[in-house]
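Q: Below is a structure I'd like to ask you about.
Each reported figure results from applying straightforward, stated rules to the coordinates on display, with no laboratory input. In this text the structure is predicted, and so the values were computed from the model without any measurement. Note: ideal-geometry Cβ built from the backbone for every residue, glycine included; neighbour counts use all protein chains shown.
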Amino acid sequence: MTDPVQAQYEAYPYPARDPRDERKRLIAGSPSHLDEVNHYLFAGRRDFAEPFRALVAGGGTGDAAVMLAQQLSDRAAAGGTVPGEVVYLDLSTAARRIAEARARERGLANIAFHTASLHDIPKLGLGRFDYIDCCGVLHHLADPVGGLAALTGALVEGGGLGLMLYAPYGRTGVYPAQALLRRLGGDLDLKTRVALARRLLDALPATNWLKRNPFLGDHRRSDAELVDLLLHPRDRAYAVPELAELAAGADLRIAAFVEPARYEPASYLHDPKLLQRLAGRDAVTRAACAEELAGNIRKHIVYLLRADDPRDPVARPETPDAVPLLHNLDGQRLAKSLGREPVLNAELDGLKLRLALPRLAAPLLARIDGTTDLAALHAALQAGDSALGWAAFKAQFDRLYAALNGLNHMLLRYPAA
Ligand SMILES: C[S@@+](CC[C@H](N)C(=O)[O-])C[C@H]1O[C@@H](n2cnc3c(N)ncnc32)[C@H](O)[C@@H]1O
């Protein structure tokens, strides 16, 4: 095996996972949670009872493949339909074995496993995909544009991608530490370098940027994580403009960043003169400024579609049949905690946000259950306040939506056409 990246993931499959843990929990996250895929790429209107094919490119030990396959199976079981299909692809046979064992633990029969490079997709005869997940992979390729273009070529018309790519400023300290470890032990075998890296971590002076970066802690959890962060043979980070350039080079455009509020300058700036300088600027420029302001973004989670796809793929709360759903948020609990002037306190990696919520936030949150549409929510609130017209209700909902969707805590779906 000559490719050092492949050799690393054979020796240290990533992330470290024990298949027996599947009995206790499902790991679900971004990108690729089916509710997010629907919201950010299919305007909330994808009917998963229709045939659906997802590719997980560089699937590692199986987080995204297992999540997608489980969510597709659950929806099919609820609707009495055939579950969508997930195709897992990775170079590492060690990672694949763990992913397969996890799927077995769950009794998932809708994942097809393949060992190959994503560069070879055009030759593999895998067919085309409605959705492609590529999480933490492209920034390790010698030719990321070529790799991403291979993924674009495998999309059906109207399909989309979810990516995770490293971001530079939140990784402050990582690249000098990688360089230092190469100087100290680049000639040693990987296992010895792991031990060396652990010694170095314990010995870093207080001024070292890795030591001073409070948002990097994964490498303390397992050897696989330590190797991935500090001993990787090929790894780069993308600032927002570079990410947009990568996407354009592969004939893609950005549909949405997650969480949206991280990429909005107004989350960080309140000076109207400064904000005015950004008024009317395009989404990528605003996101670039937000990233430079924030300084704490370690990775970009981004949904993309073909550059020539004319759709607005992101769901908006437009009509009364929109169904809001809460994502990683306990609405009942939040509703109970809100006072007369409702406020949501949130934290994004050290950035404290205090978001004023609308007057009706608590009764709305208590009723949002992922099946009740805006019309029914309006009717329920109107029952207690007959003067609450649709426009006033909608203004209240829109304010709640803006705050919660900014944190990726509220998504939308529409009934299947
Ligand atoms: C950091 S891991 C991410 C795993 C998984 N996507 C996740 O987020 O949990 C990167 C994975 O990409 C795989 N990989 C690297 N280059 C690849 C390529 N050219 N084709 C397919 N897989 C590749 C590695 O073997 C490894 O499993």
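Q: If I take R0 = 30 Å and measure r between the Cβ atoms of Asn208 and Leu351 in this structure, what FRET efficiency does the formula 1/(1 + (r/R0)^6) give, to the nearest 0.05?
A: Result of the calculation: an efficiency of 0.85.
Q: Can you work out the Karplus-derived ³J(HN,Hα) for every residue in the range 268-280? Use 6.51 cos²θ - 1.76 cosθ + 1.60 with θ = phi - 60°, whole Hz, and x for glycine or proline.
A: So the J values, rounded to whole Hz, are 10, 10, 10, 6, x, 5, 5, 5, 4, 5, 9, 4, x.
Q: May I ask you to evaluate 6.51 cos²θ - 1.76 cosθ + 1.60, the Karplus curve with θ = phi - 60°, for each residue of the range 311-316 and list the ³J(HN,Hα) values in order in whole Hz, giving x for glycine and proline?
A: Coupling constants for the range 311-316: 5, 8, x, 8, 5, 10 Hz.
Q: Tell me what the chain gives for mean residue ellipticity at 222 nm when only DSSP H runs of n ≥ 4 count, each as -39,500 (n - 2.57), the sum divided by the residue total, rounded to 500 deg cm²/dmol. All intermediate terms of the calculation are to be shown ahead of the outcome.
A: Values: 17 runs with 167 residues, N = 417.
Using -39500 (n - 2.57) per qualifying helix, the result is -11500 deg cm²/dmol.
Q: Any idea which of His140, Val156, Ala177 is furthest toward the positive side of the dipole for the range 128-229, if Lys and Arg beta-carbons carry +1 and Asp and Glu beta-carbons -1?
A: Comparing the listed Cα positions along the dipole, Ala177 ranks first.
Q: Taking the alpha-carbon distance from Lys211 and a cut-off under 27 Å, which lysines remain once sequence neighbours fewer than 8 residues away in the same chain are dropped?
A: Lys191, Lys299, Lys352
Q: Quick check: Cα centre of the range 55-109 to Cα centre of the range 163-227, how many Å?
A: About 31 Å separates the Cα centre of the range 55-109 from the one of the range 163-227.
Q: Show me the three semi-axes of the equivalent ellipsoid for the range 221-284, from the C-alpha gyration tensor (sqrt of 5 times each eigenvalue), largest first, rounded to whole Å. Intermediate results must be reported in sequence, preceding the final value.
A: Details: eigenvalues 194, 66, 21 Å².
Over the Cα atoms of the range 221-284, the ellipsoid semi-axes are 31, 18, 10 Å.
Q: Based on the Kirkwood radius over alpha-carbon pairs, what is the Stokes-Einstein translational diffusion coefficient of the range 124-235 at 4 °C with 1.567 mPa s viscosity, in µm²/s? Numbers along the way, then the final one.
A: On the way: Rh = 16.1 Å.
The Stokes-Einstein estimate is 81 µm²/s.
Q: With an 8 Å cut-off on Cα pairs and a minimum separation of 6 or more residues, tell me the relative contact order of the chain in percent. Write out the running numbers ahead of the final one.
A: Details: 722 pairs, mean separation 73.7, N = 417.
Relative contact order here is 18 percent.
Q: Show me the ranking of peptides 258-269, 188-199, 76-87 by mean Cβ neighbours inside 10 Å, starting with the highest.
A: On the way: 258-269: 19.7, 188-199: 14.8, 76-87: 16.9.
With the highest mean Cβ count within 10 Å placed first, the list reads 258-269, 76-87, 188-199.
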